[in-house]
Amino acid sequence: MSLLSITDLAAGYGPLEVLHGFDLQVNQGEIVVILGANGAGKTTTMRAISGMIPRRGRIVFDGQDISSSSPDSIVRLGIAQVPQGRGTFADLTVEDNMLAGAYIRRDEVLADVERWFDVFPRLRERRSQRAGSLSGGEQQMLAIARALMSRPRLLLCDEPSLGLAPLITQELFGVLKKLNAEEGLSILLVEQNANLALKVAHRVYLLETGNVVSSGSAAELAADDSIRKAYLGS
Amino acid sequence: MMKINHGSPQHWALRTLGVALIALIIVWVPTQMSTSRIGQFSDAFVLIIAAMSLNLVLGFTGQISIGHSAFFGIGGYTAAILIKDHGWSPGYTFYAAAALAFVVGCLIALPALRIKGIYLALVTLAVAVLFPTLVKWKKLAWLTDGAKGIDSVRYDELPVWPILGELKGRDGRAVFAYWLAFVLLVVTYLVCRGLVKSRFGRSLVAIRDNETAAAVMGVNLTVTKVLVFGVSAALCALAGVLSTLRTGVITPEGQYVTLLGSIVFLLIMVVGGAGTLWGPIVGGLVYVWLDNTTRGFGSESDGVIGFLFGWSDQSPATLILGLALVIIMFVAPYGLVGLIKRLWVKVVVVVPKPAGTSLPTTGQ
Ligand SMILES: Nc1ncnc2c1ncn2[C@@H]1O[C@H](COP(=O)(O)OP(=O)(O)OP(=O)(O)O)[C@@H](O)[C@H]1O
Ligand SMILES: [Mg+2]
């Protein structure tokens, strides 16, 4: 069943159109990866889904048309976003960042904080530290944990591996995969590293200058010669 | 350096000592000091309230406003007009002024907050500049008395408060104004503290730190910013009412009603410590102290001070504070409060509770 269904999505900034009308689906329980070069429009796609920029086309989430909804009502419906470049609240403590993530909820919030501290134990050790003083990897974990605090059904994750050491990236993707497998969390992930992307993804979309040029299962794309050349470097 | 645990007897003793010391000063001022000194403290309280209100939008939410002098003026004029023309009892004008300023604040914020940074600064700057002009406008003279302003705004008879008893004459008025300002200062502090330490307050700091991330957290940016601007305007209007009641006059060019007022609030907030609850308090006291010690520098000094400030016939407090600000930005990015905290930890460190032991089981 399709959880997120996008048809003919166009969006941009002012007069500049960046996305030129493409379709994209995320099914319940899937990890879908958007692959694309710098400037292809991956972040813009994420922003369009979460309602941060004006957009045209149809975006349906769980049967509801959200193509003209405001960001806060979209969060309430169950879509959380980890913005590119982390975007933790530097002056709030780790714990307050988590609580801010639960802004739309009031119940069992503290239990959830502990729960995500179990998943990211480094964050527990630093719970009363300013988020701005965390390392890059820790901030990325915090950004994800914070997004999960809103109890989303779909997690939008914009280049979580950006600037992280390979080991940390692996750890992070491990967590995402586990969340997907064990909790049934659907994930739409932006990633530049194709090797990594193809390992975690069920399905992949290839974005080039605002258009989807190719899509299919991870295995299909990995087998495609032209894609191997362009994105896998072999 | 001494280490004590959070919540330990020593920690409580230290806290009690601090509170007792502050209480002693609060009571000492109106009972032991001269009437003019009492007036200076009342003035400081007024400025602290205004700076606290500004701190809410600028310090905590990161939305710049140079227009708070207008809200201060709205407060002052509302009180003066209601008391003089409509025979209101002064106490009720606080509510009216706060309500009016809240509405005006929200109306200004609604379009202004869609724009950001320098543009927001310019819009609020325009508000600050327009307010005195508007008040002086001939067509509004029936309401505001034009350039000459409104005077003799005061309590006909001072209310009798418990403990204070009956207060009379000039000295009595000063003492009453002091306590009135103090009560409102406490109210303002509690409002700010309540807002800042709540879920709403977290969303304010979130907006300041990263607007995009706050929005994808489900914070409605427009509603939150407009509301906090309205509340801030209302609190600033309280300061305006207080100031008018204390001095008995309000004029379009009066103290803190013009752009200079906004600058003073801004200086107090930043020098004291933006985005901290105690910053405006420290900043306000320092400013009023500076203002009074340096008042004569321009006209009646010789030597170095006369050379430095002889050209000015005004108190150079704003200038000095402005210079101090530049220095503070380098040595104490979190203002005087930040500096005090940094020095204080060299004396006593309060060790926070170990992580994870203080969890309430329900709610936040
Ligand atoms: N706020 C903005 N205002 C104007 N143009 C923008 C804005 N953000 C992005 N763009 C433009 O839109 C295009 C797509 O940007 P986008 O951020 O979506 O790319 P991306 O695929 O996420 O790239 P990267 O991998 O580098 O993050 C770029 O050409 C960029 O210059
Ligand atoms: Mg991007």
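If the chain linking B:VAL326 and B:VAL19 were pulled fully straight, counting 0.36 nm for each residue of separation and taking away their Cα-Cα distance, it would gain 107.3 nm. Within the same chain, lysines fewer than 8 places from B:LYS168 are excluded, and of the rest, those with a Cα less than 23 Å from its Cα are B:LYS84. Of the solvent-accessible surface of chain A, computed with a 1.4 Å probe and all protein chains present, 49% belongs to carbon and sulfur. Taken one residue at a time, the phi angles of the stretch B:15-20 give Karplus couplings (6.51, -1.76, 1.60, θ = phi - 60°) of 4, 4, 4, x, 4, 4 Hz. Gly and Pro are set to x. For the set B:LYS225, B:LYS341, solvent exposure ranked by accessible area (probe 1.4 Å, protein chains only) runs largest to smallest as B:LYS341, B:LYS225. What the stretch B:34-258 shows is 41 Å² of accessible area per residue, with the surface traced by a 1.4 Å probe over protein heavy atoms. If you take all other residues with their beta carbon under 12 Å from the beta carbon of A:ARG115, and give Lys and Arg +1 and Asp and Glu -1, the sum is -3. Shape analysis of the stretch A:145-234 based on the Cα gyration tensor places the equivalent ellipsoid semi-axes at 24, 15, 13 Å, largest first. Taking amide H as placed 1.01 Å from N in the peptide plane, A:ALA10 has its amide H under 5 Å from the amide H of A:GLY21, A:ARG56, A:GLY57, each at least 5 places away in sequence or on another chain. Per-residue Karplus couplings for the stretch A:27-39, computed as 6.51 cos²θ - 1.76 cosθ + 1.60 with θ equal to phi - 60°, are listed in order as 8, 3, x, 9, 10, 10, 10, 9, 10, x, 6, 4, x Hz, Gly and Pro entered as x.
For the listed residue pairs B:LYS197/B:LYS341; A:LYS199/A:LYS229; B:LYS3/B:LYS341, the alpha carbons are within 26 angstrom of each other in every case. Dividing the mean sequence gap of close Cα pairs (under 8 Å, 6+ apart) by how many residues chain B holds gives a relative contact order of 30 percent. Length gained on full extension, A:ARG130 to A:ALA223: 28.9 nm, using 0.36 nm per residue less the C-alpha separation. Counting only protein heavy atoms and a 1.4 Å probe, chain A has 40 square angstrom of accessible area per residue. Per-residue ellipticity at 222 nm from helix content only, as computed over chain A with -39500 (n - 2.57) for each DSSP H run of at least four residues, stands at -10000 deg cm²/dmol.
B:TYR287 contributes an accessible area of around 10 Å² to the protein surface, as traced by a 1.4 Å probe with all chains present. The eigenvalues of the Cα gyration tensor, multiplied by 5 and square-rooted, give the stretch B:103-234 an equivalent ellipsoid with semi-axes of 36, 25, 10 Å from largest to smallest. Within the listed set A:ALA37, A:ALA80, A:ALA145, the Gaussian network model of chain A (springs between alpha-carbon atoms below 10 Å) gives the highest mean-square fluctuation for A:ALA37. Kirkwood radius, the protein assembly as shown, all distinct C-alpha pairs, inverse of mean reciprocal distance: 27.1 Å. Each helix, a run of at least 4 DSSP H residues, gives -39500 (n - 2.57); summed and divided by the residues of chain B, these come to -22500 deg cm²/dmol at 222 nm.
Scaled against the 2.2 N^0.38 Å expected of a compact globular protein of N residues, the Cα radius of gyration of the stretch B:1-118 reads 1.49. The Kirkwood radius of the stretch A:1-84, taken over pairs of alpha-carbon atoms, gives through the Stokes-Einstein law at 37 °C and 0.692 mPa s a diffusion coefficient of 252 µm² s⁻¹.
Between B and A, buried accessible area from a 1.4 angstrom probe totals roughly 2400 Å², ignoring ligands, DNA and RNA. The accessible surface of the stretch B:34-258, taken with every protein chain in place and a 1.4 Å probe, is 65 percent carbon and sulfur.
Working with all protein chains in place, sort A:GLU159, B:GLU157 by solvent-accessible area computed with a 1.4 Å probe, largest first.
The ranking, largest first, comes out as B:GLU157, A:GLU159.
Using the Karplus relation 6.51 cos²θ - 1.76 cosθ + 1.60 with θ = phi - 60°, the per-residue 3J(HN,Hα) values for the stretch B:145-162 come to 6, x, 5, 7, x, 10, 10, 6, 8, 6, 5, 4, 9, 5, x, 9, 9, x Hz, with x marking Gly and Pro.
Here r is the Cβ-Cβ distance between B:TRP161 and B:ARG295 and R0 is 35 Å; the resulting FRET efficiency, rounded to 0.05, is 0.65. For chain A, the calculated P(r) over all alpha carbon pairs, in 10 Å bins from 0 to the bin holding the longest distance, is 8, 33, 37, 19, 3, 0 percent.
Starting from 0.36 nm per residue, how many nanometres of slack lie between A:GLU114 and A:ASN27 once their C-alpha separation is accounted for?
Numbers: separation 87, 0.36 × 87 = 31.32 nm, distance 2.91 nm.
Value of the extension gain: 28.4 nm.
With Rh defined as the Kirkwood radius, the inverse of the mean 1/r over Cα pairs, the Rg/Rh of chain B is 0.98.
The accessible-area loss of the stretch B:218-243 on complex formation, taken against its chain alone with a 1.4 Å probe, reaches 40 Å² or more at B:GLY218.
Of B:GLY338, B:GLY18, B:GLY273, the residue with the greatest mean-square motion in the GNM of chain B, using alpha carbon springs below 10 Å, is B:GLY18.
The values are calculated or read from the model by the stated rules, or taken from the named source; none is laboratory data. In this text, all values refer to a predicted model and were calculated from it rather than measured experimentally. All Cβ positions, even for glycine, are placed from backbone atoms using ideal geometry, and neighbour counts span all protein chains on display. Just so you know, the surface numbers come from the protein's heavy atoms only, side chains and all, with ligands and any DNA or RNA stripped out. Shrake-Rupley method; radii C 1.70, N 1.55, O 1.52, S 1.80 Å.
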